[in-house]
1. Output ³J(HN,Hα) for segment 167-177: one whole-Hz value per residue in order, computed from phi by the Karplus curve 6.51 cos²θ - 1.76 cosθ + 1.60 with θ = phi - 60°, and x for Gly and Pro.
2. Of all the accessible heavy-atom surface of the chain, with the other protein chains kept in place and a 1.4 Å probe, what percent is carbon and sulfur?
3. Tell me which residues come under 5 Å, amide H to amide H, from Ala79 once H is placed; ignore anything under 5 positions away on its chain.
4. Under a Cβ-only charge scheme (Lys and Arg +1, Asp and Glu -1), can you give me the dipole magnitude of the chain about the Cα centre, in debye to the nearest 20?
5. Per residue of segment 2-15, in order, report the coupling 6.51 cos²θ - 1.76 cosθ + 1.60 (Karplus, θ = phi - 60°) as ³J(HN,Hα) in whole Hz, putting x for Gly and Pro.
6. Which of the trypsin sites (Lys or Arg not before Pro) found in segment 43-137 are loop residues per DSSP with 15 or fewer other Cβ atoms within 10 Å of their Cβ?
7. Tell me, how many Å apart are the Cα centres for segment 187-216 and for segment 34-102?
8. Grab the DSSP H runs of the chain that are 4 residues or longer, score each as -39,500 (n - 2.57), total them, divide by all residues and round the 222 nm result to the nearest 500 deg cm²/dmol.
Amino acid sequence: MALSGSLTTNAYNGVRSLTLNWSATQNISANTSTINWTLIGSGSGTSWYMTGPTKVVIDGAQVHYSTNRIQLRNGTVVASGSHTIWHNTDGTRSFSIGIEGAIYSYSINCTAQQSFTLNQIPREAKLTSAPNFTDEDNPTIQYSNPANLPIYAYIEVVNQSRPIAERKITGSSYTFQFTEAERNVLRSLNTTSNTQPVRFVVRTDMGGYSLYAWID
C-alpha cells in the first residue's frame, strides 16, 4: 500500500521517455483519495525530442490529452493535475494509471500502465463489549474508533429502533450516566417482567451516510 508512486514508459532510442509521478491525499470522512500527478520527460542525456500527442488515464478516466508537439527534455513538465477516486466500503482501493506518448514520432510509440494499491482508509467504529445492566446502573461500553471521528452511541429497544439514551462520544469507551427521565423510560419498557432486551449502538457519520454497529 502506498500514498505515492511513479511509472515510466519505454524509452525512445533508449534515451527519452515519459514518467508520471503521483501522490495521494486522503479524506477519511468522505472515503476518498485525491491523486495529484505530474507527467515529465525522463531518461538520459540533455537532447530534446519533439513529442506529441500525450495522454494520461487514471482509474479509467482520461485526465490529460494533448496533440501539441513540444521539445521534450529530461525534466520537462508535460502536464499535471489531480483526480479524486472513491474507496470501497471497507476503505480499500486499487487503481491503474496509463500513459502514452509519441516521442520523435507522430504515432504512439512509448507507453506504460501499472496498478497501485492505496493505503486503506479507516472506517466506522465497532462495539467491542457492552454489559447487562439494571435500571440503577451506569453501563460502560467499549469500542474501536479507527477513523478517530466523533461518533454517536445510544441504547434502543430491540426490534423497535426506539432510542432510550443517545450521546455524542469520542475515545474508546463511554459510560452512560442515565438521567432520571431515561431511567424511568427503561423501567416502563416491560411491566410484566424484570428483564427487557435492549441494544447498544454506535453510529459513525461519514461522507453523507451513516454506518452502524451494535450489540444486543
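The values are calculated or read from the model by the stated rules, or taken from the named source; none is laboratory data. Nothing here was measured: the structure is a model prediction, and the numbers come from that model. Cβ coordinates were reconstructed from backbone atoms using ideal geometry, including for glycine residues, and neighbour counts include every protein chain displayed. When the accessible area is computed, the model is the full protein with side chains, heavy atoms only, and any ligands, DNA or RNA have been set aside. Shrake-Rupley method; radii C 1.70, N 1.55, O 1.52, S 1.80 Å.
1. Residue by residue, segment 167-177 yields 9, 8, 9, 9, x, 10, 8, 8, 10, 6, 9 Hz.
2. Ligands and nucleic acids excluded, carbon and sulfur reach 45 percent.
3. Those lying under 5 Å, H to H, from Ala79 are Leu39.
4. Roughly 880 debye for the chain.
5. 7, 10, 7, x, 7, 8, 10, 6, 4, 9, 5, 6, x, 10
6. Taking segment 43-137 and a limit of 15 other Cβ atoms within 10 Å, the loop trypsin sites (Lys or Arg not before Pro) found are Arg69.
7. Answer, in whole Å: 49.
8. So the helix-based figure for the chain works out to -1000 deg cm²/dmol.
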